[in-house]
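The values are calculated or read from the model by the stated rules, or taken from the named source; none is laboratory data. Every value quoted in this text rests on a predicted model; they were computed, and no experiment measured them. Here the Cβ positions follow ideal geometry from the backbone for every residue, glycine too, while neighbour counts run over all protein chains shown.
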Amino acid sequence: MWGETTQQDDWSIAAVEYDESARIARETGQHTELAAALAGLAWLEARQGRETDCRTHAAEARAMCAELGIHTFEIWAIRALGELELGLGRAAAAVDHLEECTRRLTDLGIQDVDLSPAAELVDAYLRMGRRAEAVGLADQLDVDARRKGQPWPLARAARCRALLAPDGDFEELFREAVKLHAQTPDVFELGITRFSFGARLRRGRRRADARDELRAAFEIFDRLGAAPWAEMARAELLATGETARRRDRSALETLTPQELHIAQVLAAGTTTREAAAALFLSPKTIEYHLRNVYGKLGINSRMDLAAALASGQSIMARQRPGS
């Protein structure tokens with residue numbers, strides 16, 4: 001889930017996949033797969049700021065992991081809670097979860113830098129004024145990232161060094177991080193780096209330069225649906241004298257993960273009965289969800305459904321950074 005090979009910048013697809021995996025795992029009694037899907041949902045919901053859902057799924061995942069002795073998914077769930085608190089601006093609570101995550105990794109002898117929440121902990125420590133701890137952790141993250149030598153951890157390490165750098169040095173480090181992010185598919189991490197860069201520029205009273213970074217960060221977060229981070233970027237932009245407008249939601253984004261999945265299957269030309277068999281649902285359940293989809297999209301036929309999906313996905317693709 002974490003790391004350069006597992007990140008996706010289309011969270012609607014991720015939500016569908018996690019939700020579907022959890023549903024099938026429940027129905028077939030696959031407890032390990034269910035724990036993984038629940039931890040994945042908690043991670044996604046953390047970044048979206050969906051606090052109740054995140055806590056519910058993280059708690060269920062942790063309980064299952066404790067029962068089954070599954071440590072990796074437990075770590076995912078703990079880290080999700082830390083990211084939730086960080087996004088909601090509760091640094092002390094974030095530190096509690098992220099430090100717990102670090103301890104569990106140490107206890108288990110897991111040293112993969114991609115699983116480490118060090119970058120988030122550096123951020124949280126700085127928000128609490130615990131600079132000495134942030135410096136020590138950033139130094140270790142840099143060592144670990146260089147040892148692995150991959151762009152995803154190297155970008156995170158460069159961002160942390162930029163956050164801690166003196167006024168004359170931070171800009172080069174942030175630009176280094178942005179270049180490294182360009183080699184990975186993780187747009188959310190790029191958004192955090194550009195947000196951090198813009199905030200640092202604003203504090204240095206370089207408002208025009210700050211706006212470019214903060215505007216880019218806001219657009220990334222708003223498109224992804226990372227509501228707490230979009231709000232932070234919007235507030236920083238407002239402090240520079242610019243107002244950011246939230247993106248109008250596509251009709252597709254009003255669909256639940258299950259509704260979107262069913263719509264995709266039916267739009268491909270399958271019959272209701274075929275879709276029911278493929279998704280392990282009854283035909284009546286498929287028809288129920290299809291009616292909801294039609295109502296939300298303002299359509300009334302399978303032909304209209306295929307067109308709406310194609311149009312909506314094209315619009316979302318054009319809204320992606322770099323498109």
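Within the range 56-71, the set of residues being surrounded by 15 or more Cβ atoms within 10 Å (Cβ to Cβ) and under 18 Å from ARG23 (Cα atoms) comprises THR56, HIS57, ALA58, GLU60, ALA61, ARG62, MET64, CYS65.
Can LEU126 be described as buried (at least 23 other Cβ atoms within 10 Å of the Cβ) and under 23 Å from the mean Cα position of the chain (by Cα)? Lay out the reasoning, then the answer.
Values: buried (at least 23 other Cβ atoms within 10 Å of the Cβ): no; under 23 Å from the mean Cα position of the chain (by Cα): yes.
So LEU126 does not fit the description; no.
Is it true that LEU252 is modelled with pLDDT under 80 and part of a loop (DSSP other than H, G, I, E, B)? Taking the combined requirement at face value, the residue does not satisfy it.
The sole residue among ALA278, ALA268, ALA263 that is surrounded by 17 or more Cβ atoms within 10 Å (Cβ to Cβ) and out of contact with any Lys or Arg (no Cβ under 9 Å at 6 or more places or on another chain) is ALA263.
Here's the yes/no breakdown for (1) surrounded by fewer than 19 Cβ atoms within 10 Å (Cβ to Cβ); (2) in a helix (DSSP H, G or I); (3) among the hydroxyl-bearing types (Ser, Thr, Tyr); (4) within 15 Å of the chain's Cα centre (by Cα):
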{"position": "ALA158", "(1), (2), (3), (4)": "no, yes, no, no"}
{"position": "GLU172", "(1), (2), (3), (4)": "yes, yes, no, no"}
{"position": "ALA177", "(1), (2), (3), (4)": "no, yes, no, no"}
{"position": "ARG194", "(1), (2), (3), (4)": "no, yes, no, no"}
{"position": "ARG200", "(1), (2), (3), (4)": "no, yes, no, no"}
{"position": "GLU213", "(1), (2), (3), (4)": "no, yes, no, no"}
{"position": "PHE221", "(1), (2), (3), (4)": "no, yes, no, yes"}
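Only a single criterion out of (1) closer than 19 Å to ARG90 by Cβ; (2) touching a His at 6+ places or on another chain (Cβ under 8 Å); (3) exposed (fewer than 15 other Cβ atoms within 10 Å of the Cβ) is not satisfied by THR52, namely (2).
The one condition from (1) in a helix (DSSP H, G or I); (2) closer than 27 Å to ARG223 by Cβ; (3) out of contact with any helix residue (DSSP H, G or I) (no Cβ under 7 Å at 6 or more places or on another chain) that ALA63 does not meet is (2).
Among the residues of the range 105-117, write down those that are surrounded by 16 or more Cβ atoms within 10 Å (Cβ to Cβ) and either aromatic (Phe, Trp, Tyr) or outside any helix (DSSP H, G or I) (or both). Give the derivation first.
Let us first name the residues in the range 105-117 that are surrounded by 16 or more Cβ atoms within 10 Å (Cβ to Cβ), namely 105, 113-117.
Listed by number, the residues that qualify are SER116, PRO117.
Test ALA15 against the stated conditions and say whether it is buried (at least 24 other Cβ atoms within 10 Å of the Cβ) and in a helix (DSSP H, G or I). Don't jump to the end; show me each part of the working.
Details: buried (at least 24 other Cβ atoms within 10 Å of the Cβ): no; in a helix (DSSP H, G or I): yes.
Spelling it out, it is not the case that ALA15 is buried (at least 24 other Cβ atoms within 10 Å of the Cβ) and in a helix (DSSP H, G or I).
Of all the listed residues (GLU120, GLU99), the sole one being within 18 Å of the chain's Cα centre (by Cα), surrounded by fewer than 24 Cβ atoms within 10 Å (Cβ to Cβ) and not in a loop (DSSP other than H, G, I, E, B) is GLU120. Taking the listed residues THR72, THR56, THR52, THR32, the one that is of a type in the set (Ser, Thr, Tyr) and within 20 Å of PHE280 (Cβ to Cβ) is THR32, with no other qualifying.
Residue pairs whose Cβ atoms lie under 8 Å apart, separated by 6 or more positions or on different chains, with the first residue in the range 12-38 and under 19 Å from ILE75 (Cα atoms) and free of Cβ contacts under 8 Å to residues at least 24 places away in the same chain and the second loosely packed, with under 15 Cβ neighbours inside 10 Å and small (Gly, Ala, Ser), do not occur.
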